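Take a look at the structure set out below.
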Amino acid sequence: MLARAIGVPHISTGAMLRDNVEAGTELGQQAQAIMAAGDLVPDDLVVAMVKDRLSKEDAACGFLLDGFPRNVVQAEALDAAMGEGALELAVLVEADEEELVQRLLQRAQEQGREDDNEETIRNRQQVYRDETEPLVGYYPDNGVSVVAVDGMGAIDEVFARIVNALADN
């Protein structure tokens, strides 16, 4: 919704990885077992995939990254590939952890996603705290604004909050 609203491509590493798994590519085969356990796919694989995607013509005038970077190493690799200042803003969508677990369990049931069981989801939450949360400090230290948005509520409410936050920045 957001990418359409601001007219840029939505670049989701999760979707790209799932597409590779479904297509049976080499990357997909490497990533499948890792993703099923709820762990992060190795940085070098994800960075290469994102760099390739960002080189496409439709991303020349902007893009929305979803699920990347997941850690400081990936952020540094993105900075090295794109140059300092390539990112302008990071949106931190904050939500209650127990609510997230319930949402993901419901999504798993609705979409038949086998990799979304409670143990895997809780492992992802721990991985987030260990690996991704440090980006909240990394970005401001490297000239990228971080805007926190309340992620609780209906999708259209959260979307409106994000759009308003972007308009204010």
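Work out how much length Gln109 to Ala81 would gain on full extension: take 0.36 nm times their residue separation and subtract the Cα-Cα distance, in nm to one decimal.
6.3 nm
Only Cα pairs under 8 Å and at least 6 apart count here; give the relative contact order of segment 2-168 as a rounded whole percent.
So the answer I get is 26 percent.
Have a look at Ala77, Ala23, Ala90 and report the one farthest towards the positive end of the charge dipole of segment 18-169, computed about the Cα centre with Cβ charges (Lys/Arg +1, Asp/Glu -1).
Ala23
Over segment 47-122, what is the relative contact order in percent, taking alpha-carbon pairs closer than 8 angstrom and at least six residues apart?
Worked out over segment 47-122, it gives 18 percent.
Search the structure for amide H atoms under 5 Å from the amide H of Val93, placed 1.01 Å from N in the peptide plane, and list their residues when 5 or more places away or on another chain.
Amide H to amide H, under 5 Å and 5 or more residues apart or across chains, Val93 pairs with Val149.
Of the options Thr120, Asn164, Gly153, report the single residue whose Cα projects farthest towards the positive end of the charge dipole of the chain (beta-carbon charges: Lys, Arg +1; Asp, Glu -1).
About the Cα centre, the residue reaching furthest to the positive side is Asn164.
Could you work out how far apart the two model spin labels at Arg122 and Ala33 are, taking each label as a point 7 Å from the Cα in the direction of the beta carbon, and quote it in nm?
Inter-label distance under the simple model: 2.5 nm.
Do the sum for the chain: with -39,500 (n - 2.57) for every DSSP H run of n ≥ 4, divided by all residues, what is the mean residue ellipticity at 222 nm, to the nearest 500 deg cm²/dmol?
Taken over the chain, the calculation gives -17000 deg cm²/dmol.
Every number here is computed from the coordinates shown, using simple stated rules; none is lab data. Bear in mind the structure is a predicted one, so any value in this text is a computation, not a measurement. In this analysis, Cβ positions are derived from the backbone assuming ideal geometry, glycine residues included, and neighbour counts consider all displayed protein chains.
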